[in-house]
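K.L.:
Just passing along the structure, written as structure tokens.
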Amino acid sequence: MPKFKLLCDRLLQDGVITPAQIYQPGEPPPQWLELVHQPDYVRAYREGHLDAKAQRRIGLPWSPALVQRTSTAVGGTILTAKLALEYGLACNTAGGTHHAFPNYGAGFCIFNDLAIAARVLQHHGRVKRLLILDLDVHQGDGTAWIFRQDDSVFTFSMHCADNFPARKQISDLDVALPCGLEDGAYLRCLAQYLPDLLSQVKPDLVLYDAGVDPHRDDRLGKLSLTNTGLYNRDLLVLDSCIVAAYPVACVIGGGYSETMEDLVFRHSLLHRAASAVFQHRRL
């Protein structure tokens, strides 16, 4: 949990961002969460009434502070999406809870911020068609299931085949990678799909989950990317979207490092890449 504030502090300390670039989200109203999640589930989690089995499936102990943090992170992704529509590119310092389903949470994910942001923007008439580009090492199973019969949201997941969740869902396009894949092969695979994906979907907005758990030292990853590989991945995604004139909103996704310092730095690579693209393209 400390990584979110530490990430913001690191970005400020290293001059990647300035205080003027920070926007503070609020908690979304329950009815926004209920555009994706069943009201009984939203109410039970917010009030601390989930049973022990449901809590174990999430993997995080309930507390009022966690409810506030979870809701604020969802608000952050919604705000990030709105800022991306305004500026062309924006990044959350949290988000990427793609294992949450409408009526339960799983894999440290409680509410699906990507799905909620998509639904809120559609509900308010800000966008019609979205692309969810998920490069977390774990398949975005909750997101895939939520939009399984919805042509207005295209779900793309490029993940390690032999990893959580054991039971995969069907995204609009899944790319399952072998264990141990390194930077070069990973980037070539992404470059093979990305241009056609953008040109075929033609989204009003791209929601990008930039999980850092494909890193070779990640405890739950099983791929072998380096810091350079992660940075180049993010550069490729962001520059491709911006050059093609598709606004892109980014979330940090998963990461499970041995040290907090390493984890925070890896998450900062997304924002470093975003800053480089933003300045180079003069958005």
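K.L.:
From the backbone phi of the stretch 23-33, what are the Karplus-calculated ³J(HN,Hα) couplings (6.51 cos²θ - 1.76 cosθ + 1.60, θ = phi - 60°) in whole Hz, Gly and Pro given as x?
P.N.:
Once rounded to whole Hz, the list reads 10, 9, x, x, 7, x, x, x, 5, 6, 4.
K.L.:
For n ≥ 4 DSSP H runs only, could you compute -39500 (n - 2.57) per run for the chain, divide by its residues and tell me the 222 nm figure to the nearest 500?
P.N.:
Result for the chain: -14500 deg cm²/dmol, rounded to the nearest 500.
K.L.:
Using the per-residue mean of other Cβ atoms lying within 10 Å as a proxy for protection, in what order, highest first, do the peptides 37-48, 133-144 fall? Provide the component values of the computation, followed by the final result.
P.N.:
Details: 37-48: 16.6, 133-144: 27.3.
Peptide ranking by packing, descending: 133-144, 37-48.
K.L.:
Considering amide H positions built from the backbone, and no H for Pro or chain starts, which residues 5 or more places from residue 211, or on another chain, come under 5 Å of its amide H?
P.N.:
When sequence neighbours closer than 5 places are left aside, the close amide H contacts are 135, 136, 254.
K.L.:
Taking C-beta distances below 4.7 angstrom as the pairing criterion, name the unpartnered cysteines of the chain, in sequence order.
P.N.:
So far as the 4.7 Å Cβ criterion goes, 8, 109, 160, 179, 189, 241 stand without a partner in the chain.
K.L.:
In which sequence would 32, 145 go, from the one with the fewest C-beta neighbours within 10 Å to the one with the most?
P.N.:
Fewest-to-most ranking of 32, 145: 145, 32.
K.L.:
Mind jotting down the distance between the C-alpha centroids of the stretch 206-224 and the stretch 103-126, whole Å?
P.N.:
21 Å
K.L.:
Which order results if 63, 152, 275 are arranged by neighbouring Cβ count within 10 Å, fewest first?
P.N.:
63, 152, 275
K.L.:
Under the 0.36 nm per residue contour assumption, what length would be gained going from the current alpha-carbon distance of residue 57 and residue 14 to full extension?
P.N.:
Here the answer is 11.8 nm.
K.L.:
Along Cα→Cβ, 7 Å out, is where each label goes; now give me the distance between the ones at residue 85 and residue 103 in nm to one decimal.
P.N.:
Label-label distance for residue 85 and residue 103, simple model: 3.1 nm.
K.L.:
How large is ³J(HN,Hα) for each residue in the stretch 252-257, as worked out from phi by the Karplus curve 6.51 cos²θ - 1.76 cosθ + 1.60 (θ = phi - 60°), to whole Hz, x for Gly and Pro?
P.N.:
8, x, x, x, 9, 8
K.L.:
Quick one: work out the % antiparallel among DSSP beta bridges in the chain, nearest 5.
P.N.:
Percentage antiparallel, nearest 5: 10.
K.L.:
Please give the FRET efficiency for residue 260 paired with residue 200, using the beta carbon to beta carbon distance and R0 = 41 Å, rounded to the nearest 0.05. The partial results should precede the final answer.
P.N.:
Details: r = 40 Å, r/R0 = 0.97.
So the FRET efficiency works out to roughly 0.55.
K.L.:
Between 270, 225, 177, where does the largest GNM mean-square fluctuation fall for the chain, given springs only between Cα atoms within less than 10 Å?
P.N.:
177
K.L.:
Would you indicate which of (1) 1.06; (2) 0.93; (3) 1.01 is the value of Rg/Rh (Cα atoms, Kirkwood Rh) derived from the coordinates of this structure?
P.N.:
Of the labelled values, this structure produces (2).
K.L.:
Taking amide H positions as placed in the peptide plane 1.01 Å from N, state which residues far from residue 153 in sequence (5 or more) or on other chains have amide H under 5 Å from it.
P.N.:
Those qualifying (amide H under 5 Å, at least 5 residues apart or on another chain) are 130.
K.L.:
Also, quick follow-up: Given a Förster distance of 22 angstrom, what is the FRET efficiency for residue 187 paired with residue 162, based on the Cβ-Cβ distance and rounded to 0.05?
P.N.:
0.60
K.L.:
Continuing with the same structure: Using a cut-off of 15 Å between beta-carbons, work out the net charge of the residues near residue 258 (Lys and Arg +1, Asp and Glu -1, residue 258 not included).
P.N.:
-1
K.L.:
Cα-Cα over 29 Å: which of 5/222; 3/128; 3/82; 5/82?
P.N.:
3/128
K.L.:
Tell me, what is the FRET efficiency for residue 123 and residue 66 to the nearest 0.05, using R0 = 35 angstrom and their Cβ-Cβ distance as r?
P.N.:
That gives a FRET efficiency of 0.85.
K.L.:
Going by amide H atoms built from the backbone, whose H comes under 5 Å of the H on residue 89, apart from near neighbours?
P.N.:
Those lying under 5 Å, H to H, from residue 89 are 248.
Every number here is computed from the coordinates shown, using simple stated rules; none is lab data. Just so we're clear, the structure is a prediction, and the values are computed from it rather than from any experiment. Every residue, glycine among them, receives a Cβ derived from its backbone with ideal geometry; neighbour counts consider all protein chains shown.
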